[in-house]
1. Being assigned to a helix (DSSP H, G or I) and free of Cβ contacts under 8 Å to residues at least 40 places away in the same chain is the filter; apply it to the range 56-68 and report the residue that is surrounded by the most Cβ atoms within 10 Å (Cβ to Cβ).
2. Confirm whether ALA7 is modelled with pLDDT under 95, among the hydrophobic types (A, V, I, L, M, F, W, C), surrounded by 15 or more Cβ atoms within 10 Å (Cβ to Cβ) and closer than 19 Å to PRO75 by Cβ.
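The values are calculated or read from the model by the stated rules, or taken from the named source; none is laboratory data. From a predicted model like this one, the values you see are computed outputs, not experimental measurements. Backbone-built Cβ (ideal geometry, glycine too); neighbour counts: all protein chains shown.
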Amino acid sequence: MSSIVRAFRFFDQAPGARVDWFAVIAELERERISIAELAKRCVVSRGTISYWKAGGEPKHSDGQSLLILYAERFPGKAVPVVQNRCDAGAHQVAAPQLSIVPTSNAGAS
């Protein structure tokens, strides 16, 4: 199966998971593909690539472009994924505990 077909089929084969865009971009960078080159090949800005790496989610077509680059560079390697919290099962990450502290209305009467 070609790398392009694998990249497109990922979206249908991984329900309950999402791509770990940080890992995808970091692995491509380790292969000496710069943010500027990724941006050029995906036809987006360098800031957009940095946004994805920081946790942003690309549009479907942009994500496919990046996955095609990944599949070309790493033929046969699985795409890094992050399990969604509600579907993670044994890999579930506990939600952080939040403390709600009421604010005082010193000026209100």
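1. If we take residues in the range 56-68 being assigned to a helix (DSSP H, G or I) and free of Cβ contacts under 8 Å to residues at least 40 places away in the same chain, then SER65 is surrounded by the most Cβ atoms within 10 Å (Cβ to Cβ).
2. So ALA7 fits the description; yes.
The rows are residues; the columns are (1) buried (at least 16 other Cβ atoms within 10 Å of the Cβ); (2) at pLDDT 90 or above; (3) in contact with a His (Cβ under 7 Å, 6 or more places away or on another chain).
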residue: TRP21; (1), (2), (3): yes, yes, no
residue: ILE25; (1), (2), (3): yes, yes, no
residue: LEU28; (1), (2), (3): yes, yes, no
residue: GLU31; (1), (2), (3): no, yes, no
residue: ALA39; (1), (2), (3): yes, yes, no
residue: ALA54; (1), (2), (3): no, yes, no
residue: TYR70; (1), (2), (3): yes, yes, no
residue: ALA94; (1), (2), (3): no, no, no
residue: ALA108; (1), (2), (3): no, no, no
